[in-house]
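Note sheet for the following structure.
The values are calculated or read from the model by the stated rules, or taken from the named source; none is laboratory data. Computed from a prediction, not measured in an experiment: that's the story for all the values here. Cβ placement follows ideal geometry from the backbone for every residue including glycine, while neighbour counts extend to all protein chains displayed.
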Amino acid sequence: MMVLWEQPVIVGHSISNADGVIQAIDEPVATLLQRHRDQLVGISYISITHPDDLALNLAKVGALKTNGQSTRIRKRYIGGKGDVIKMEVQVSRLAGCDGGLLIGTLSTIDDDQDLDYGPRRLWRRAREFLDIMHARDEILGAELFADHAWTILLLTYVAEAEGRIASTEMVSDHLSLSRATIERWLRVLQSKTLIEPVRAGIDALQLTQTGIDKVERLLDQRLAIPVA
C-alpha cells in the first residue's frame, strides 16, 4: 500500500538556473524560509537544504529532462533562524540560455507527516534490500537466485541517491556476471523505459523518471517485497 499524503498547500514559486542558483523567489516562500528575498537570490538551494536530504534531492533534480515531466520532492530546509522547515517542491526543468531553468512550486507539509516516509526512507530501504540480497547470496548461494533486473535498478537508484555514478562495470562486479550479460539486462530495462540508453563511450547508468517513480513505488510498499 502506498503512503497517502494530505493535499499540500502551495506557498509560492522559485526560479533557479541549471546549477540550482536561485534567480527569483516569491516573498511568501522567503518568509517561510525565515529570510528576505534578497538573501536567497544568488545562492544555491543546496546551501539551504538539510544535509540528510541532499543526496536524493540532487538525484531527482539531476534526472529531470528539459521540458519533460516534473518531479515531486519532499524535503527539509534549514531556515534563517536555524529551524528545520519541511516542504514539498514540484520541480520542472525548462529550456533556456546557459543550460535552462529549474522552476519550483513550493508547498507546505503538515508537521504531523513524518518526512521519514520521504526520500531518506526510500534510500534507506533500497540499501536494506541490497544488504539482504547480498547476505542471502552469501549464505544460500547466488546461483539459486536470478533477480538481476531488480538488483540493477536498486544499484542505480542508490548510486544516484548518494551522488555517485552507477556503471556497467560496477553492476557486473556486484552480481559477478559478465559485462555482456549485464548489457543484455540493460537492453531489457531500456525497452521497459526504466533505464536511460547508455551513451556511446560513457559507462554511466541512469534511471528514467519512470524508473525512479516505479522503484520508489515498490520501495514505498508497506508489505515486504520477496527477495528470494
Does the range 185-205 hold any residues that are surrounded by 15 or more Cβ atoms within 10 Å (Cβ to Cβ) and modelled with pLDDT under 90, and which are they?
V198
Count - residues of the range 166-176 that are in contact with a helix residue (DSSP H, G or I) (Cβ under 8 Å, 6 or more places away or on another chain), surrounded by fewer than 20 Cβ atoms within 10 Å (Cβ to Cβ) and not in a helix (DSSP H, G or I)
1
Residues of the range 59-92 being farther than 14 Å from I212 by Cβ, among the basic types (K, R) and without any contact (Cβ under 8 Å) to a residue 40 or more places away in the chain, which ones?
R76, K86
Cross-chain or 6+ apart pairs with Cβ under 7 Å, the range 41-58 first and at positive phi, then surrounded by fewer than 19 Cβ atoms within 10 Å (Cβ to Cβ)
G42/V21
I'm trying to understand the selection: among the residues of the range 74-85, which are modelled with pLDDT of 90 or more and in contact with a strand residue (DSSP E or B) (Cβ under 7 Å, 6 or more places away or on another chain)?
K75, R76, Y77, I78, G79, V84, I85
Of these, A159, A135, which one is touching a residue at least 24 places away in the same chain (Cβ under 8 Å) and small (G, A, S)?
A159
What number of residues within the range 179-221 are of a type in the set (V, I, T), assigned to a loop (DSSP other than H, G, I, E, B) and touching a residue at least 40 places away in the same chain (Cβ under 8 Å)?
1
So, in the range 122-167, how many residues would count as being aromatic (F, W, Y) and more than 20 Å from I195 (Cβ to Cβ)?
1
Against the definition (surrounded by fewer than 20 Cβ atoms within 10 Å (Cβ to Cβ) and in contact with a helix residue (DSSP H, G or I) (Cβ under 9 Å, 6 or more places away or on another chain)), how does G42 come out, yes or no?
no
Would you confirm, using the coordinates I've provided, whether E162 is at pLDDT below 90, closer than 25 Å to T49 by Cα and surrounded by fewer than 19 Cβ atoms within 10 Å (Cβ to Cβ)?
yes
Since Q113 meets every condition but one in (1) surrounded by fewer than 20 Cβ atoms within 10 Å (Cβ to Cβ); (2) modelled with pLDDT of 90 or more, which condition does it not meet?
(2)
What number of residues in the range 31-59 are under 10 Å from the mean Cα position of the chain (by Cα) and of a type in the set (G, A, S)?
2
